[in-house]
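Visitor: Handing you a structure now.
The values are calculated or read from the model by the stated rules, or taken from the named source; none is laboratory data. Source: prediction; values computed, not measured. Cβ: placed from backbone, ideal geometry, glycine included. Neighbour counts: every protein chain shown. These area figures cover heavy atoms from the full protein model, side chains too; ligands, DNA and RNA do not enter into them. Shrake-Rupley method; radii C 1.70, N 1.55, O 1.52, S 1.80 Å.
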Amino acid sequence: NGTSILKEAGWVEWNGGDGMEGLVQPLNSEWLIGSWQYGSRNYTRNGGQTSTASENPRRGTGQADCEAPLLMDPLNHFRLEQFADNICSSDGFGISWEFYSAPQIGQVKDAAIAQNSSDIIAISRNSTIRLTTDGGKTWNDIRSNLPNHSVTDIAFDPNRDSTIVVTYNRYQKDNQKVFISFDLGQSWTNITYNLGDMPLRTVTMDKSDSSYIYVGG
């Protein structure tokens, strides 16, 4: 119930506690960052032989959500974004953090960065969903015609940053589980179709053909 690393020689039980978000640096698999509850992060530069506490990833903020989002910049794999009630960034893959933005949404529960522009970020908390297109200088509410349910995940189209998909964790037969926007959240279309009573917690879009959307319960 923590963070484990699978290496050629077997498993390394690296971090204990309730393991949350974990990332591997794509250019150096010995560089990893893992998480505890409420946005605490540990990093390793030697594939898990040691573990070092990341320097105050909630700099200047209050407590983060229990499963606080941690994302890698798609255009700079050394840069990370930490989401609490404020957003902090690290250009050294988690060694230290600097204030990035204050979206005024409370403790962020879900977040996504556009694949082709790091200035475009979507965040959500409960039914509120907001978007920045200028690197966190301004945030706009993009809930528009979305239902009054708690968002469970957000995904950008890997090929078109204007396209966003969100999911909802709904058991009810209300046909309100997956919505898509083609205009950066100005309007949304319900594409739940035949998913029935399935509650959804995660979504991603196929990079080679983004007409394929994958959801998980």
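Visitor: Does segment 111-130 hold any residues that are open to solvent by 30 Å² or more (accessible area, probe 1.4 Å) and within 22 Å of Tyr214 (Cβ to Cβ), and which are they?
Guide: Result: Gln115, Asn116.
Visitor: Which residue is farthest from Asp85 (Cα to Cα), if the candidates are limited to segment 24-54 and must be open to solvent by less than 60 Å² (accessible area, probe 1.4 Å) and touching a residue at least 60 places away in the same chain (Cβ under 8 Å)?
Guide: Gln25
Visitor: Another question, then. Spot the failing condition for Phe78; the list is (1) outside any loop (DSSP other than H, G, I, E, B); (2) surrounded by 22 or more Cβ atoms within 10 Å (Cβ to Cβ), and only one is missed.
Guide: Every condition holds for Phe78 apart from (2).
Visitor: Can you spot a residue in segment 54-62 that is over 27 Å from Thr133 (Cβ atoms) and not acidic (Asp, Glu)?
Guide: Within segment 54-62, one or more residues are over 27 Å from Thr133 (Cβ atoms) and not acidic (Asp, Glu).
Visitor: Count, please, the residues in segment 95-113 that happen to be under 27 Å from Lys207 (Cα atoms) and more than 11 Å from the chain's Cα centre (by Cα).
Guide: 0
Visitor: Yes or no: segment 3-15 includes at least one residue that is open to solvent by 60 Å² or more (accessible area, probe 1.4 Å), assigned to a loop (DSSP other than H, G, I, E, B) and either in contact with a Leu (Cβ under 9 Å, 6 or more places away or on another chain) or more than 21 Å from Ile121 (Cβ to Cβ) (or both).
Guide: Yes, the conditions are met somewhere in segment 3-15.
Visitor: Something else: Of the conditions (1) in a loop (DSSP other than H, G, I, E, B); (2) surrounded by 16 or more Cβ atoms within 10 Å (Cβ to Cβ); (3) in contact with a strand residue (DSSP E or B) (Cβ under 7 Å, 6 or more places away or on another chain), Gly106 fails just one. Which one is it?
Guide: Against the list (1) in a loop (DSSP other than H, G, I, E, B); (2) surrounded by 16 or more Cβ atoms within 10 Å (Cβ to Cβ); (3) in contact with a strand residue (DSSP E or B) (Cβ under 7 Å, 6 or more places away or on another chain), Gly106 comes up short only on (2).
Visitor: Right, here's the next one. Condition test on Met20, is it at pLDDT below 90 and either touching a Pro at 6+ places or on another chain (Cβ under 8 Å) or among the hydrophobic types (A, V, I, L, M, F, W, C) (or both)?
Guide: yes
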